[in-house]
Amino acid sequence: MKLLSYLIITFIVAFVLQYWIISVVTTSSINYVQHNTGKMYISLFAASIMGILEVIIYDSYHNTVSLFYYIGLGIAIYGFAFMYKTQMNVSEADYLRQMIEASSRDLLLSENLVKHSDNMTMKTVATNIISKRKRDLDMMTKMLHDKKQLPITKKEAFSYNRASGL
């Protein structure tokens, strides 16, 4: 099989793994796994790194240097990292989706800490995080739903702040 075929397969598998499978495994509920542009950038970044590893393995077996692939994948890595760090073309709804998924991860970790820790201070901190993240998730999910309907007004933003205890 040629290097390009190996690279395409590796890139697709790494992208799917990072974009969907890791999200499903690391969130507290599959309901919080959603498409968002930031996650796409970081998944493409990870897939590009895996692509470079595939080229390194291929080159070591065939005793060659595939400079074109290294340069192309290096540019891709830099580009996707830049897009993620600057959140290029990320909408407000995308930010909400990213924050919902991140809060869901915090929730999962805190729930596991409560189950597996004997330290009362750690359990108290984790319980507080659970309570806060559940409120945050409810609020952000509602905001995302409302955002799909109409833009959020100052009056609605104030009511979200009151509902979340801000």
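None of the figures in this text is laboratory data; all of them are computed from the coordinates on show. The model shown is predicted, which means the values in this text are computed figures rather than measured ones.
Here, the chain is characterised by an Rg to Rh ratio of 1.11, where Rg is the alpha-carbon radius of gyration and Rh the Kirkwood radius. Listed by chain and number, the lysines placed with their C-alpha closer than 16 angstrom to that of residue 147 are 155; residues fewer than eight positions away on the same chain are left out.
Across the range 3-86, C-alpha contacts under 8 Å between residues 6 or more apart give a mean separation that, scaled by the residue count, equals a relative contact order of 36 percent.
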